[in-house]
1. Pulled fully out, how much extra length does the chain show between ILE147 and ASN54, if you take 0.36 nm times their separation in residues and subtract their Cα-Cα distance?
2. Report, in whole Å, the centroid distance computed from the Cα atoms of region 2-39 and region 70-144.
3. Assigning unit charges at the beta carbon (Lys, Arg +1; Asp, Glu -1) and nothing else, what dipole magnitude in debye, to the nearest 20, does the chain show about its Cα centre?
4. Which one of VAL11, CYS26, THR78 has its Cα pushed farthest toward the positive end of the charge dipole of the chain, where Lys and Arg give +1 and Asp and Glu give -1 at the Cβ?
5. Could you tell me the relative contact order of the chain? Use alpha-carbon pairs under 8 Å, at least six residues apart, and round to a whole percent.
6. Suppose we keep just the DSSP beta bridges with both residues in region 10-160; what percent of those would be antiparallel, to 5?
7. Express the accessible area of region 22-145 per residue in Å², computed with a 1.4 Å probe while the remaining protein chains stay in the model.
8. Starting with the highest mean, order 14-20, 97-103 by the number of other Cβ atoms within 10 Å, averaged over the residues of each peptide.
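The values are calculated or read from the model by the stated rules, or taken from the named source; none is laboratory data. The model shown is predicted, which means the values in this text are computed figures rather than measured ones. Quick reminder, even Gly has a Cβ in these numbers, built from the backbone with ideal geometry, and neighbours come from all protein chains shown. Surface accessibility is based on the protein's heavy atoms, side chains included, excluding ligands, DNA and RNA. Shrake-Rupley method; radii C 1.70, N 1.55, O 1.52, S 1.80 Å.
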Amino acid sequence: AEGATAPWGVVALRGDGAAGSEIAYCVMTGGSGHKEPLAEYTGMFSIHNVPGANIHHCLFQDNFIVDDMVHAVNSKVTFSDCEFKRALADAIDLDMTDGIVERCLFVGAGNDALDLMTANVVLQDSILVGSGDKGVSVGEGTNTLLINVAVRNCLIGVQTKDRSMALLYNCTLEGNDAAIDATQKNWRYGQGGSA
């Protein structure tokens, strides 16, 4: 479109040197990702191999090209009081990561609001609305605890699969095509998920 600019790449935290990083009161919009030899950042905000990062009071919105708006791998992270709006695909993708997501708002993710793989995550006091696929995708050996969470108007509210467990306490699942889906997707895990 006229006046449009190309998306920028990535803000990345990487390695032990980024331990203890705090990102607060920022807005990230219009980014994409970055690929280089031996590293690929699949979110406009990416956290790789960081043993502790705290992200709070931030707004993430309208990413381009790559799947994830925010991606963390092999890290330990906390997201507090953040908003995630109109992700191209997944709003937050946590792979092999321990995390806390609290008091966050997710609106209009193209795919999943929160996508978890081989992770241990607590999601609490948050609202997930209007995801094109799942509000919360719990897969590949993930354990997650949802406390005081509302998931509304998604294709699937919460899906758990492949030896994963989702524990829900005081949650609201409404207006989703399916509230909870426990399934087996990958035979290598030997069993499906449970909720």
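1. Details: separation 93, 0.36 × 93 = 33.48 nm, distance 1.99 nm.
Stretched out fully, the ILE147 to ASN54 stretch lengthens by 31.5 nm.
2. After rounding, the separation between the Cα centres reads 17 Å.
3. On the way: 12 positive and 24 negative charges, 55 e Å.
Around 260 debye, computed over the chain.
4. Highest projection toward the positive end goes to THR78.
5. Working: 661 pairs, mean separation 23.7, N = 195.
Computed value for the chain: 12 percent relative contact order.
6. Working: 3 of 68 bridges.
In region 10-160, DSSP labels about 5 percent of beta bridges as antiparallel.
7. Values: 4510 Å² over 124 residues.
Computed with neighbouring chains in place, this is 36 Å² per residue.
8. Working: 14-20: 12.4, 97-103: 20.3.
With the highest mean Cβ count within 10 Å placed first, the list reads 97-103, 14-20.
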